[in-house]
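Have a look at the structure below before the remarks.
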Amino acid sequence: MTVKLEAETYPDTYFAGAYWGPRKESPEECARRTASFLNRLAECDPFLAHWYKPARSRKDARTHSLMPPDMPLLAEMFRRGVNRERGGPVFEDLGFSFWFDNGGTSRDCAALRIRCGGYAEAHSNSCFLSLPNQGPNAERIFTASVLAEVVRSMALAWEPEWVAAMSRMHRELDDKDGNADILLGWVTYLSRHRGTVPPLPAPVRIEPVGDQGTLIILTPERFTVSNPEHIALARRVRELLARAGLMSPGVS
């Protein structure tokens, strides 16, 4: 009952995150993958077709466009995002990081945080997309069809182990203890290296992503934590995937 009250009182917020293990890549390789992702993302929705170089103020946010993708600029931004202690040496095995957004307002903005090229033991690389909180852009993007294409774009560009698109309230329920190795979102991608996705109950839809892996879409309508049927379905699907060994760590 508490969850339902919170879900109805406060607008839930959504994100999509792709995650993969150690993978040594240069700033140029990270830039190439980023460019591929931005081009694919632009085809998902017009709101996701404009991205800008980080600026010191909101006033300057639209000064330097990253679209169409500027490879030399992207590579330079990754070089600047190298991990190091202040005034100290570079930690090459920790890779690079880069943050930027689409120049929107505080509640109507999409932002990307990318960590790639890290190859330290047990290191996690990621591409995290924060989506707008509310408004017409949010309403248009928060659909199974658009989020499925966003997740597909992440899978094809980054070749991650897994991707999840979900709300933050859903994440809190799916990972109550903060110990989940893989999140199960409204839309989830699992690399084929993790194993074969078993048959799943209706209305779950399963789609291939080339020969790389599989998309799992829990419901055609918006997944919400205030719907007990959605929560029950997600728990059942997680259980079936866990039985098949797809939700365990250490798969490469």
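The values are calculated or read from the model by the stated rules, or taken from the named source; none is laboratory data. What you see is a predicted model, and the numbers here were worked out from it, not measured in a lab. Cβ coordinates were reconstructed from backbone atoms using ideal geometry, including for glycine residues, and neighbour counts include every protein chain displayed.
For this structure, a couple of remarks:
- Residue within region 48-64 that is in a helix (DSSP H, G or I) and at pLDDT 95 or above present: yes
- Given (1) surrounded by 14 or more Cβ atoms within 10 Å (Cβ to Cβ); (2) in contact with a Phe, Trp or Tyr (Cβ under 8 Å, 6 or more places away or on another chain); (3) closer than 26 Å to Leu218 by Cβ, number of the condition Glu149 does not satisfy: (2)
- Enumerated strands (runs of 3 or more DSSP E) restricted to region 157-247, each holding at least 2 residues that are among the small types (Gly, Ala, Ser) and closer than 26 Å to Arg40 by Cα: 162-167
- Flag if Gly81 is closer than 14 Å to Ser26 by Cβ, surrounded by 13 or more Cβ atoms within 10 Å (Cβ to Cβ), at pLDDT below 90 and in contact with a strand residue (DSSP E or B) (Cβ under 9 Å, 6 or more places away or on another chain): yes
- Top-ranked residue in region 218-252 [being among the polar types (S, T, N, Q) and in contact with an Asp or Glu (Cβ under 8 Å, 6 or more places away or on another chain); ranked as surrounded by the most Cβ atoms within 10 Å (Cβ to Cβ)]: Thr224
- Test: residue in region 130-143 that is within 24 Å of Glu28 (Cβ to Cβ) and modelled with pLDDT of 90 or more: no
- Filtered residue count, region 112-137, keeping only those that are surrounded by fewer than 19 Cβ atoms within 10 Å (Cβ to Cβ), in contact (Cβ under 8 Å) with a residue 60 or more places away in the chain and touching a strand residue (DSSP E or B) at 6+ places or on another chain (Cβ under 8 Å): 4
- Residue ID - surrounded by the fewest Cβ atoms within 10 Å (Cβ to Cβ), chosen from residues in region 177-200 that are under 10 Å from Leu218 (Cβ atoms) and not aromatic (Phe, Trp, Tyr): Leu200
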